Structures are given as C-alpha cells and as structure tokens.
Amino acid sequence: MNVRALIVAAGGANYGSLCEACRRIGVDAHLSDDPARIADATHVILPGVGAAAQAMGALRARGLDRALRELRRPLLGVCLGMQLLYEHSAEGDVDGLGLLRGRVRRLPAAPRWPHMGWNTLAPRMADHPLLRDIGRDDWFYFVHGYAADDDGATLAAAEHGAPFAAVVARGHVHGTQFHPEKSAAAGRRLLANFFAL
Amino acid sequence: MLARRLIPCLDVADGAVVKGVRFRDHRVVGDVIELARRYAADGADELVFYDITASPERRRVGVAWVERVARELDIPFCVAGGIRSVADAEAVLAAGADKVSINSPALARPALVDELAARFGSQCVVVGIDVDAQADDHGTWRVVADSGKPEQASDSGRDLLAWVREVDARGAGEIVLNAIRNDGVRSGYAHMLLDAVRAATDLPLVASGGAGAVEHFGEVFERCGVDAALAASVFHAGEIRIGDLKRYLAARGIVVRP
C-alpha cells in the first residue's frame, strides 16, 4: 500500500521539522487542516507545540476533532499531540479528543520541571511493531511539562521524577511523548515503524 | 535517566556564524547550515542560534534561515535574539525551532514570559540572563540588559536571584545563565553564580560563558548541578570535539547521550 501521510496542521506547531523527518525516511508527508484530507490519508500525525487548551481550540474550530475521532487508520500523536488524544489535560483544564482513556497531568516539580532533554525508555510491550529495533539504549528528545499516566496503553515508559507514558498504543491510536523528528537515528526508526503499520 | 546536555551556541549575523570575545570584535567562523550539520553529526544534544543582529537593531529575527536549519537538523534547536512578542515567537516556532529564548525584551516587559508560556507552553520558553559576574562580589548580582552590543549594554536594575524567581513564577521553562566576564575567556564557568541560581529555582539551568577545556564541563556538571552546558568558541575552533567531550564526561561518571 502506498503511504499517503498527512500531518494535521492546526496552528503554530512545528510542521517543517516533521515533514523533513518524514522525507528523510522516504515518506512524502502533506500538511493540511482539511478534515476531508484526513479521512483520505493512510497515516496521520498529530503534532503539537503549544499549550493544550489553545491547541484543542484550534482543532475544534476547524472540525478536526471530529475527523480525528472518526479516523480508523494509524494515527500518531507527537508530544502535545499525544496528550490531546486523552480524555482530559490538566494544562488549562481542558477536555481532549478522548481517543485514549486517562488523563494528562503535570509532571512532579522535582528534580526539574519541565522535563527537557534526552532520556531513555523502559519498554513494557517491546514486541509491538512501533518499537521494532528500539530498546533501552536508545535516546529520545523530550520537552514537556505534562504527561499521561503510565497505564495499560503504555508500550514504553520514561521516568522523570515519576514514570509516565512515553510511547502508547490502543488499536489504531498511537502516541510518543518525545519528538521523533528531533531524536536523530532512534527517532527515524520510530517514524519508519509507524509508517510500516 | 535524563542526560546532561552539551549545547553549541552559534551566534548568527547576516546568515553567518560569528564569534567575538566578551560580545565584541565578531569574526565569521562558518556557514550556519554547515556548522549545524557538523554539530548534529558530532553528537550535540541541542543547538542555540543567537541572532546577534536582531535584538539591538530592533528588527525581528529572519525566519528563512530558521527554516533551512529545521530542514537539516534532526536534533532540537532554540532561537534567540529579537523575539519581543507572541507573533515573533510564533514565526520562529512555525519555521521549525523547538524553543525560543528571550532576554532583554523580557527585562523591558516581563509579561512577555507569561504570554509566551500561555500560548506555547512553558517548555518552549527559555529566558536568557546576562550577568557581569564580578561587578559585585558581595552576593548580589545585577542583570545586564542589551548585552548583545556592548555600547548599548546597561544595568537593568534587577537583582539576579529576584529576576530568576520572577521568570520562574511567570512560566519560564529554562534559564540560560551567561556570565559576561567569562564569555570567550575560557577560564571555566562561573560556579558561584550558577550555584546561587541553582539554589533559587528548580527550572532546567544552562551554564554559559567560560568553557575552555573538557575539565570545565566536568566541573560545572558535578559542582553546580546544571542540566546543560553551552559553549561556542571551543567548539567552533575545533579545540574540543563533542564526541571526545562526551567520552570524557561518561568516563567521569556523568550521564550523557553517547
């Protein structure tokens, strides 16, 4: 099947880097905020730089929240985009898309808040295809102050003050709290794994 | 476990990377893309691009080179210089930067920190703070404004630690502490200043100014509890290679991304 990758472009996020990261692994990803194009894509990435309340508002204003809920093909939320997949975020006390059960909470104040830098993963479901060739020795770039609970949807956790969900999957819905497009070789592997789903 | 970060800082003027001593006498040291690519390949954890022409000349940072950098890099980078509004920050972030760093505009209008944090999240908002380290060694240090051009630099009137606590409360996500006296001098980081700031905030703290040898990096990570160390001249001149530095730090027991 030919990959028709679409990056959901709804306000102020870091689309250029993600497009280029896809291009580097041979995937021509398009940017769009058109709900009809989301329905037509084989793989959809929901990026996110910003604050949760503002980002959810931008999705709703364009009818993208409904398009994302109706999607049945592989979806990958990245960083804030992953947080928006949940039922609720404490950042701005806002309801998310509700595609994943659970809540996004503020990370502990200690040792540092926010969590910023390169960290490793503790795989929980290492045989999931999204984690193919990714293990405990791989480093990923995180930059976030909020995170989802480490629960049954967690493929890999990371720890900063407390464990949190770093890679999640439930059916066709996936998320990474880190930025694969900023995580050098390990990030490239994760994106390639997503497009192979 | 979170790794300590090594951050080459590239001062950009008119699309070229330049370096001066104590912010003066800038000379061209290389092309932005070429250096960015080299540092990423060498294992830099993050890059900072500081547009030294944008801030003093009161013009917005150009986004064309930011887009070029974002296309080339698969590691994070931060853009500093000339960001005075939410719109300025939005242009730079949409062009592919991961974080923006603000300094003098925050001193002039501290609410800018709140506005950026509300719009983009604290994790995007770095506050750069310049201090003339030996100006007063009785434990109170004043923040210097507009240090990008020495003839315009001035005492902001703000006490360093009070300013650190204020930007933390306003929603900053990281602090870069630059010791002006140490900048480009290569005699080591300003430990006393960094210790004081470390005690005043739990925000990620980046040491800047003074790196001249691998030992300086080891010392600042071990003694000052900083999360990252930023340097320019020792990296640009090729005197310290990031890969070698990381091997040195790892052997010293400091967690780094290999």
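The values are calculated or read from the model by the stated rules, or taken from the named source; none is laboratory data. What you see is a predicted model; the values in this text were computed from it and never measured. Here Cβ is always computed from backbone atoms with ideal geometry, including for glycine, and neighbour counts include all displayed protein chains.
Filter region A:165-189 down to the residues that are crowded, with 24+ Cβ neighbours inside 10 Å and closer than 11 Å to residue A:22 by Cα and list them by number.
Selection gives A:180, A:181, A:187.
Six or more apart or on different chains, Cβ atoms under 8 Å: show the pairs whose first residue is in region B:70-84 and within 16 Å of residue B:44 (Cβ to Cβ) and at the interface with chain A (Cβ under 8 Å from one of its Cβ atoms) and whose second is in a strand (DSSP E or B) and charged (D, E, K, R).
B:76/B:99
Among the residues of region B:150-161, which ones are in contact with a strand residue (DSSP E or B) (Cβ under 9 Å, 6 or more places away or on another chain) and among the aliphatic types (A, V, I, L, M)?
Scanning region B:150-161 gives B:153, B:160.
Residues that are in contact with a Pro (Cβ under 8 Å, 6 or more places away or on another chain): list the helices (runs of 4 or more DSSP H) wholly contained in region B:154-258 that include at least 2 such residues.
In region B:154-258, B:160-170, B:233-236, B:242-251 are the helices (runs of 4 or more DSSP H) which contain 2 or more residues that are in contact with a Pro (Cβ under 8 Å, 6 or more places away or on another chain).
Being buried (at least 24 other Cβ atoms within 10 Å of the Cβ), closer than 18 Å to residue A:182 by Cα and more than 16 Å from the chain's Cα centre (by Cα) is the filter here, so list the residues in region B:93-119 that pass it.
B:93, B:96
Of the residues B:155, B:136, B:146, only one is closer than 24 Å to residue B:77 by Cα, at pLDDT below 90, out of contact with any Cys (no Cβ under 9 Å at 6 or more places or on another chain) and acidic (Asp, Glu); which?
B:146
Take the residues in region A:143-153 that are crowded, with 23+ Cβ neighbours inside 10 Å and of a type outside the set (A, V, I, L, M); name whichever of them is farthest from residue B:205 (Cα to Cα).
Among those residues, the one meeting the criterion is A:146.
Please work out which one of (1) part of a helix (DSSP H, G or I); (2) more than 14 Å from chain A (Cβ to nearest Cβ); (3) at pLDDT 95 or above is the condition residue B:128 fails and give its number.
Of (1) part of a helix (DSSP H, G or I); (2) more than 14 Å from chain A (Cβ to nearest Cβ); (3) at pLDDT 95 or above, only one is false for residue B:128: (1).
Need a quick list: helices (runs of 4 or more DSSP H) entirely within region A:25-73 having at least 3 residues that are more than 13 Å from chain B (Cβ to nearest Cβ) and farther than 25 Å from residue A:104 by Cβ.
By residue number, A:35-40.
Just to verify a result, which residue in region B:40-69, among those that are modelled with pLDDT of 80 or more, of a type in the set (A, V, I, L, M) and over 18 Å from the mean Cα position of the chain (by Cα), is surrounded by the fewest Cβ atoms within 10 Å (Cβ to Cβ)?
So, considering only residues that are modelled with pLDDT of 80 or more, of a type in the set (A, V, I, L, M) and over 18 Å from the mean Cα position of the chain (by Cα), the one surrounded by the fewest Cβ atoms within 10 Å (Cβ to Cβ) is B:64.
Can you tell which of B:156, B:101, B:122 is within 12 Å of chain A (Cβ to nearest Cβ), of a type in the set (S, T, N, Q) and either within 23 Å of residue B:199 (Cα to Cα) or free of Cβ contacts under 8 Å to residues at least 60 places away in the same chain (or both)?
B:122
Considering every residue within region A:81-95, establish whether at least one is in a strand (DSSP E or B) and either over 21 Å from residue B:123 (Cβ atoms) or among the β-branched types (Val, Ile, Thr) (or both).
yes
Can you confirm whether region B:226-244 contains a residue that is of a type in the set (Lys, Arg), more than 16 Å from the chain's Cα centre (by Cα) and closer than 21 Å to residue B:47 by Cα?
Yes: region B:226-244 contains one or more residues that are of a type in the set (Lys, Arg), more than 16 Å from the chain's Cα centre (by Cα) and closer than 21 Å to residue B:47 by Cα.
Somewhere in region B:213-227, is a residue within 14 Å of chain A (Cβ to nearest Cβ), in contact with a strand residue (DSSP E or B) (Cβ under 6 Å, 6 or more places away or on another chain) and in contact (Cβ under 8 Å) with a residue 12 or more places away in the chain?
Yes, the conditions are met somewhere in region B:213-227.
Could you check residue A:83 against (1) under 26 Å from residue A:154 (Cα atoms); (2) at pLDDT below 95; (3) within 13 Å of chain B (Cβ to nearest Cβ) and say which number it fails?
Residue A:83 satisfies all of (1) under 26 Å from residue A:154 (Cα atoms); (2) at pLDDT below 95; (3) within 13 Å of chain B (Cβ to nearest Cβ) except (2).
Residue check: is residue B:166 within 28 Å of residue A:109 (Cβ to Cβ) and surrounded by fewer than 19 Cβ atoms within 10 Å (Cβ to Cβ)?
Against the criterion (within 28 Å of residue A:109 (Cβ to Cβ) and surrounded by fewer than 19 Cβ atoms within 10 Å (Cβ to Cβ)), residue B:166 qualifies.
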